[in-house]
């Protein structure tokens, strides 16, 4: 089968339930779907292929929504993830405080070099805001993670967020490739299976989650 | 004591204030009473299995209290009692086409409703292929009556909370059934008495279905206040025939609420400790059970916990898109999630059990000092998982598989190399059964084929299904109509998860599962497990880090502990 993309990135959306992870995913992914689609086919992950500096990058985006409470299952999502979006809800203080717990969770379970980004979602609901933009920025500086406020409803910054994360992953990969293969070759073009190779490959680590 | 609390509530309901009121002169004819066939279909309704896992009730005090008191005011109440917090506003009777004229031929379950006195236009309810697609909320409330199909009643009661609170729904129902009676004169009293009785019978039957399907709704004081006012109406002399049914309904409700309270008391926080010394002796091998026996015990625990989860908890916890905010700004917006009506956490407790089982299995494996021993523990858990599969207990199976896939367990190369080839083979087969390709196609097929009595669906998949069903479409359609298609989808997922309770079928519920083995019960429910960092540390103790990444990880772990 001819490959229609140059690299495949596995991304993950995490955060408390109700922060709008699924809305962000639906906003970003290409295909609209309806209720009968969900009930018959369901959703494992969403795909969108984007163009990054002339390269076709296929983003495979996983959503932990609905399963936040099943620790050992959400943990399985981390394996093989190359980028993680940490999402909180600017109208929900608790979801912001929990970002620290999610970061700890990532450190425990994800590969050490996973790219991260913090999203403060629902910034359209300014009248109900409980977390200021400054606090979000402060947290991002503390952990040295990029940050942006988004609104899945108004389609604000969602594209920007995914492009930024994808670009960071790509840059990191290219850097790694150059380090391991300084004589060159076709840098920037990667096999889609360039996942974290040290983990044993089982169905869980193949990114499939329950 | 819980039971006395509820008992006193009910007792109060049956005894308190009998305000005698002479009905005023009628201004319009009273509605036609429901035909008896409307009621007949429900008289043999089986009670639903709700929290029957416990032999929770052995105190007869309450029974004598309710039965002894009966409804003490029956001799003193000669007229219709008009009491309680309900506003009985008589609505305008408008001649309109009967409901049946808008039904498609495929719909049999909805008989003519004699009380449909608002204009039923095509726009009030919309069908496709015999299924309700959308309807106005009021139309659905009016369809909620004894003759309605069980699945409609379940679906609507389940999802009604996306639109209004249970006490608001009950209040609407009361208005529907009690209207007009405050406008009759003495001449019509005799006729009316019968009509009112028929209305009351219908209402009590709806209430009986409601209390058996969603007993936890009646923990709400506002709901109970309305129940009290209904009970007071039943106290009137001419209501004698409905009194027994009302009283039985309340008794059963009380049993369930008492069982719930006892169950809640039995739930303790999962103990997680950070070092091996804090763990008690023994593991799956010293337990001395065969994999078949252990799988049976696991299934009993699962079904026990599942039996206490209220169907409404799935919708309350997972479906709402916007959980309510405490900010005042939110008051103007419509909150989908009436958090103040959620008064149980059994679903959360059940989800936590899944996590607990995973940690228990991982702890069990890592406890063994010798790799040979750990390999045997792994083999035993894999065989237990296999037996869980045979029983259709997918939730325990998944918890076991998740544990074996946790990185502290998975990284033990030496240990795994000592497990038998058969063990690895079996594990791979089991993993295949729950892996998610094609929206869990394999799992769904296996669940459909599993024995109903012992089948335990994967809670995480149900939660995920519900989440996407909720996110995928709005609850309200244009014109503020209820998106009933969505309700039906949510209801389908909840019914699948609670299939062992047979909520929407007329089959009798399954008998209570056999009681668990005490030592196994303690092992599964009370035994402490290791925390996640502790599991990792112990794992590195058992088998040292093999590469620089693991060495770094260990360094970080030691640094933080």
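Modelled label positions at residue B:281 and residue A:104, each set 7 Å beyond Cα in the direction of Cβ, lie 3.4 nm from each other. Once you order the gyration tensor axes a ≥ b ≥ c over the Cα atoms, which shape class does the stretch A:37-127 get: rounded for a/c under 1.5, otherwise prolate or oblate by comparing a/b with b/c? The shape class here is rounded. Between residue B:526 and residue A:142, the distance separating the two model label sites (each 7 Å from Cα on the Cα→Cβ line) works out to 4.0 nm. Taking a ≥ b ≥ c as the square roots of the eigenvalues of the Cα gyration tensor, the stretch B:185-243 is classed as prolate, since a/c reaches at least 1.5 and a/b is larger than b/c. Suppose we keep just the DSSP beta bridges with both residues in the stretch A:5-176; what percent of those would be antiparallel, to 5? Once the DSSP bridges in the stretch A:5-176 are tallied, antiparallel ones form about 30 percent. Over the stretch B:404-458, all Cα pairs binned in 10 Å intervals from 0 give whole-percent P(r) values of 20, 38, 30, 12, listed from short to long. Gyration tensor over the Cα atoms of the stretch B:123-263: the corresponding equivalent ellipsoid has semi-axes (square roots of 5 times the eigenvalues, largest first) of 25, 22, 13 Å. The stretch B:264-306 and the stretch B:458-507 have Cα centres separated by 32 Å.
What FRET efficiency would be calculated for the residue pair residue B:414, residue A:132, taking the C-beta separation as r and a Förster radius of 56 Å, to the nearest 0.05? So the FRET efficiency works out to roughly 0.60. With neighbour counts taken as other beta-carbon atoms within 10 Å, the residues B:348, B:196 rank, fewest first, as B:348, B:196. Subtracting the Cα-Cα distance of residue B:131 and residue B:478 from 0.36 nm times their residue separation leaves 123.0 nm of extension gain.
Its Cα gyration tensor gives the stretch B:358-474 an equivalent ellipsoid; the semi-axes, largest first and in whole Å, are 29, 15, 12. Pop the C-beta distance of residue A:153 and residue B:422 into the FRET formula with R0 = 51 Å and round what comes out to the nearest 0.05. Given R0 = 51 Å and the Cβ-Cβ separation, E is 0.45.
At full extension, residue B:432 and residue B:265 could sit 56.3 nm farther apart than now, given 0.36 nm per residue minus the alpha carbon distance. Residues B:313, B:552, arranged from fewest to most other Cβ atoms within 10 angstrom of their Cβ, appear as B:552, B:313. Modelled label positions at residue B:543 and residue B:191, each set 7 Å beyond Cα in the direction of Cβ, lie 8.6 nm from each other. Ordering B:463, B:174, B:433 from the fewest to the most neighbouring beta carbons within 10 Å gives B:433, B:174, B:463. For the stretch A:5-176, rounded, prolate or oblate, judged on the Cα gyration tensor with a ≥ b ≥ c (square roots of eigenvalues), a/c < 1.5 rounded, else prolate if a/b > b/c? The shape class here is rounded.
No value in this document is a laboratory result; all are computed from the given coordinates. Note that the structure is predicted; figures quoted are calculated from it, not measured. In this analysis, Cβ positions are derived from the backbone assuming ideal geometry, glycine residues included, and neighbour counts consider all displayed protein chains.
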